[in-house]
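The structure under discussion appears below in the form of structure tokens.
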Number of protein chains: 2
Amino acid sequence: MTRDMPDASRRLEHMDELVSLCARRGFIFASSEIYGGINGFWDYGPLGVELKNNLKSLWWQRVVREREDVEGLDSSIISHPRTWEASGHVEHFSDPMVDCRTCKRRFRADQTDEACPEAPSQRRVSECDLTEPRNFNLMLQTRLGASEDAASLAYLRAETCQPIFTDFKRVRESARQKLPFGIAQIGKAFRNEINPRNFTFRSREFEQAELEFFCHGSEREKWFQHWLEERLAFHRGLGFDADHLRTRPHDSDELAHYARQAVDVEFLFPFGWQEIEGIHDRGDWDLSRHSEYAGKDLGVTDLETKERFVPMVIETSVGIDRTCLALLCHAYRVETLAEGDERTVLRLHPAVAPIKAAVLPLSKKLADPARAIQSELRRHFNVFYDEAGNIGRRYRRQDEAGTPFCVTYDFDSQEDGKVTVRERDSMAQDRVAVDGLAAYLRERLERTD
Amino acid sequence: MTRDMPDASRRLEHMDELVSLCARRGFIFASSEIYGGINGFWDYGPLGVELKNNLKSLWWQRVVREREDVEGLDSSIISHPRTWEASGHVEHFSDPMVDCRTCKRRFRADQTDEACPEAPSQRRVSECDLTEPRNFNLMLQTRLGASEDAASLAYLRAETCQPIFTDFKRVRESARQKLPFGIAQIGKAFRNEINPRNFTFRSREFEQAELEFFCHGSEREKWFQHWLEERLAFHRGLGFDADHLRTRPHDSDELAHYARQAVDVEFLFPFGWQEIEGIHDRGDWDLSRHSEYAGKDLGVTDLETKERFVPMVIETSVGIDRTCLALLCHAYRVETLAEGDERTVLRLHPAVAPIKAAVLPLSKKLADPARAIQSELRRHFNVFYDEAGNIGRRYRRQDEAGTPFCVTYDFDSQEDGKVTVRERDSMAQDRVAVDGLAAYLRERLERTD
């Protein structure tokens with residue numbers, strides 16, 4: 001797709017602009033808005049749910065369906081609480097917190113440099129009368145069954161990968177897989193973030209797409225590199241410019257004690273470089289721990305060498321909400337047009353754009369033939385129809401929604417059987433025969449894949 | 001697709017057989033199996049997740065994408081707790097429970113006819129020393145933020161529809177919709193069932209696909225009938241036989257106080273007729289309550305008549321897990337073949353079948369050309385490759401997985417450029433040119449749609 005840019009184009013500088021666009025156009029808005037919202041929870045509206053579903057489908061297609069060495073899974077959000085003891089979350093998944101003895105507020109011990117919200121001046125929290133730091137577990141808890149005792153305690157999963165480990169043996173045997181192979185799933189996870197922030201970037205309920213790839217220890221490095229390259233190719237395929245994407249290897253003091261290496265894939269958000277995906281060598285930590293806690297041997301036997309061993313795990317973990325946010329931030333432009341007009345446009349990659357094409361009759365009198373075109377196109381992709389307002393305003397609405405193509409049916413169309421196809425980014429217009437319209441759009445939509 | 005049945009065919013009589021098949025083949029199995037499971041929670045394995053995703057995609061396509069009067073939504077599982085006060089769940093969504101003063105166990109007050117699990121004989125619970133019934137709320141609770149006070153209480157949603165009501169105004173305005181129109185979403189919901197049972201039929205974590213359709217009071221009946229017919233057509237389109245599907249209108253004493261009418265769509269499970277979907281006329285109850293609790297007017301104005309009113313709501317609510325279970329129960333057959341052999345087969349509708357076709361080289365020597373066919377077919381549908389074991393055993397494995405077509409590449413294929421296509425239900429075989437294979441399969445896969 002052409003990326004010719006109008007002369008003056010401004011990228012997103014402040015999140016406020018995007019947050020406002022997202023709410024106004026129905027991409028993403030605060031959960032329970034009419035009750036004043038709820039901190040750290042977001043809803044995806046009509047455009048947002050299509051964007052998110054497109055991203056998830058692409059991931060599933062690439063990571064699961066196109067490969068024979070990866071199996072899919074969809075596990076429950078609540079699992080046996082021993083899962084989270086074995087994983088180390090019950091003991092270690094916590095932030096150190098301090099309480100203010102005066103106002104009774106609680107703060108993250110590593111964020112006491114911020115201004116105290118209770119103080120009239122800009123006094124920092126660190127000057128308050130604070131308790132010693134105590135650990136605060138970030139898992140959300142609930143209770144199951146009718147009794148109120150400790151036996152009924154359960155956790156909402158803090159990451160989607162742990163059920164992959166507990167289901168490892170069942171999936172391997174039922175799918176008749178041999179090492180090396182992976183198990184992947186997409187789903188919700190929950191963390192009781194003390195300070196949700198940066199729109200959907202750090203929220204309390206979020207969606208992950210995780211792959212755990214199981215291999216022999218001699219192949220750790222090879223598979224780590226393989227998956228790092230695969231995942232970078234995926235992100236590049238979403239259209240991110242090279243100067244907005246980077247990898248950051250973890251320093252040795254950042255690594256979990258069981259991890260040999262880890263690389264973050266970072267995106268340049270308006271609020272700085274931040275992780276959207278992590279590729280981790282988790283070693284045999286998870287399977288060994290679950291073997292121990294469940295009293296079940298999760299090791300495998302190499303049929304040729306007869307060696308018995310616990311597989312090593314290479315993990316790729318991408319935040320679906322974070323990647324959606326990166327896509328939106330990256331796509332956002334305010335452009336000054338030749339006529340001095342301004343337009344806001346989301347230059348979303350066609351593969352993730354919620355609507356692929358909009359059909360616009362120049363006049364309501366042309367609704368019938370335009371509707372016929374829409375019906376035909378809708379067999380192939382998600383197509384929108386709009387006959388309200390002048391054509392310029394309708395183009396602007398589609399620009400804001402990130403729709404790659406507008407198809408205009410005018411009075412000449414009745415004569416020559418052609419329509420005008422306008423491309424979102426270049427605003428270039430093509431005259432295309434209705435007969436070949438679906439093929440024309442399909443070809444241009446797929447050109448960047 | 002032909003439905004010729006071998007002479008002796010036995011439908012599923014006992015759930016045990018299906019539960020066993022589902023675990024063995026990786027459709028569905030207990031969550032946290034290695035920890036002994038967790039009551040009321042299930043995981044979908046490699047075949048199950050494809051089955052479920054296919055069903056969800058079909059619903060989304062039919063209810064959202066093919067219609068201009070329905071918008072999609074994906075709201076958070078946790079929302080502002082006032083949501084559940086307004087909906088009436090905090091006050092009324094409960095089962096009456098009794099405690100045994102001797103053993104301290106708790107039972108549903110309407111299930112005291114069952115045998116007491118603590119008594120050595122088969123003494124019924126009702127003969128125990130029981131307290132008076134008390135209401136036990138079925139919503140799962142959690143706490144958010146760092147403080148432990150009541151302000152942090154939150155609920156996991158007990159149904160996906162309530163966020164649709166709280167987001168009604170935002171979605172309507174951002175999507176520029178006018179009545180009549182609907183909002184639909186698919187997602188997880190949670191209920192603290194005291195007695196989860198019948199495999200995935202009554203579980204504590206489950207997935208719903210719900211549509212709330214908003215209309216003027218004068219059109220309630222029309223839209224109720226429209227959606228009832230739409231949803232019945234959907235279920236019939238999944239291949240359910242007429243004698244396994246029925247509608248059951250609620251008696252007036254079953255209706256919620258705000259509901260004018262309700263019809264259940266029921267499926268004949270091995271454990272009897274049970275609801276898989278409900279179509280409900282909810283009136284203006286939900287929007288009125290949220291207007292009141294949020295202090296926000298959720299009414300609309302008819303632009304022609306200037307009438308201001310709170311929309312009436314027609315709801316369709318289908319259980320995704322229940323429908324998957326119905327599909328599996330309905331598809332299950334044990335058949336006696338001509339040679340006296342037995343086969344287990346899942347006669348799943350091709351649209352929901354996890355794998356659409358399996359490519360099987362007759363010999364491992366033919367792997368390369370068979371792989372080439374698989375690569376080509378995989379561009380169109382989910383295709384599996386299997387070269388292990390004799391061809392009869394490989395057919396049986398695909399029968400059990402519900403795969404509609406097996407494509408066998410044999411030594412003749414090298415000469416004549418043709419493969420053998422075997423249809424799952426009739427086991428009839430066709431010789432098909434490799435060139436036209438994708439088109440041939442596509443046509444036969446879509447024939448029943």
>> Using a label point 7 Å beyond Cα on the Cα-Cβ vector, give me the inter-copy distances for A:Arg236 in nanometres, one decimal, shortest first.
In response: 5.3
>> Distance in whole Å from the B-onto-A rotation axis to the closest C-beta of chain B, together with the residue it belongs to, please.
In response: B:Thr142, 2
>> Given a 10 angstrom Cα cut-off, can you work out which residue in B:His280, B:His244, B:His290 is the most mobile in a GNM of chain B?
In response: B:His244
> How big is Rg to Rh over the stretch B:82-178, alpha-carbon atoms, Rh as the Kirkwood inverse-mean-distance radius?
Replying inline: 1.20
>> With +1 assigned to the C-beta of every Lys and Arg and -1 to the C-beta of every Asp and Glu, and no other charges, what is the dipole magnitude of the stretch B:297-429 about the Cα centre in debye, to the nearest 20?
In response: 380 debye
> In terms of the Cα gyration tensor, with a ≥ b ≥ c the square roots of its eigenvalues, is the stretch A:190-263 rounded because a/c is under 1.5, prolate because a/b exceeds b/c, or oblate?
Replying inline: oblate
>> Shape verdict for the stretch B:221-274, please, from the Cα gyration tensor: rounded (a/c under 1.5), prolate (a/b greater than b/c) or oblate.
In response: oblate
> Using alpha carbon centroids, what distance separates the stretch B:242-279 and the stretch A:407-437, in Å?
Replying inline: 49 Å
>> I'd like the mean, over residues of A:381-388, of how many other protein chain beta carbons sit within 10 Å of each residue's own Cβ.
In response: 1
> Peptides B:180-193, B:101-114: what's the order by average Cβ count within 10 Å, highest mean first?
Replying inline: B:180-193, B:101-114
>> Can you tell me the convex hull volume per residue for the stretch B:58-111, based on C-alpha atoms, in Å³ to the nearest whole number?
In response: 189 Å³
> What does the average come to when, for each residue of peptide B:67-73, you count the partner chain Cβ atoms lying within 10 Å of its Cβ?
Replying inline: 4
> Hey, any idea what Rg/Rh is for the stretch A:224-337, computing Rh the Kirkwood way over Cα pairs?
Replying inline: 1.13
> If you place +1 on the Cβ of every Lys and Arg, -1 on the Cβ of every Asp and Glu, and leave all else neutral, what size is the dipole of chain B about its Cα centre, to the nearest 20 Debye?
Replying inline: 900 debye
> Which percent, nearest 5, of DSSP beta bridges in the stretch A:350-444 are antiparallel?
Replying inline: 55 percent
>> Using the alpha carbons of the stretch A:380-432, what is the convex hull volume per residue in cubic angstrom, as a whole number?
In response: 94 Å³
> Does the protein assembly as shown come out rounded, prolate or oblate by the C-alpha gyration tensor, with a ≥ b ≥ c the root eigenvalues, rounded set by a/c under 1.5 and, if not, prolate when a/b is larger than b/c and oblate if not?
Replying inline: rounded
>> Quick check: the distance between the Cα centres of the stretch B:149-200 and the stretch B:349-379, to the nearest angstrom?
In response: 40 Å
> Which values, in whole Å and largest first, are the semi-axes of the equivalent ellipsoid of the stretch A:322-449 obtained as the square root of 5 times each eigenvalue of the Cα gyration tensor?
Replying inline: 24, 17, 12
> What is the spread of the Cα atoms of chain A along each of their three principal axes, largest first, in whole Å?
Replying inline: 77, 71, 47
>> Show me the ranking of peptides B:294-305, B:79-90, A:397-408, A:59-70 by mean Cβ neighbours inside 10 Å, starting with the highest.
In response: A:397-408, B:79-90, A:59-70, B:294-305
>> Suppose you put the label 7 Å out from Cα in the Cβ direction; list, shortest first and in nm with one decimal, how far A:Glu221 is from each other copy's label.
In response: 7.8
> If we sort B:363-370, A:369-376, A:309-316, B:172-179 on the protection proxy, mean other Cβ atoms within 10 Å, highest first, what's the order?
Replying inline: A:309-316, A:369-376, B:172-179, B:363-370
> What does the average come to when, for each residue of peptide A:170-177, you count the partner chain Cβ atoms lying within 10 Å of its Cβ?
Replying inline: 5
> Nm distances between the label at A:Glu68 and the same-position labels in the remaining copies, 7 Å along Cα→Cβ, shortest first?
Replying inline: 4.7
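Bear in mind that the values in this text are calculations on the coordinates, not laboratory data. Treat the numbers as computed from the prediction; the structure is a model and nothing was measured. Because the Cβ atoms are built from the backbone with ideal geometry, glycine has one as well, and the counts that use them run over all protein chains shown.
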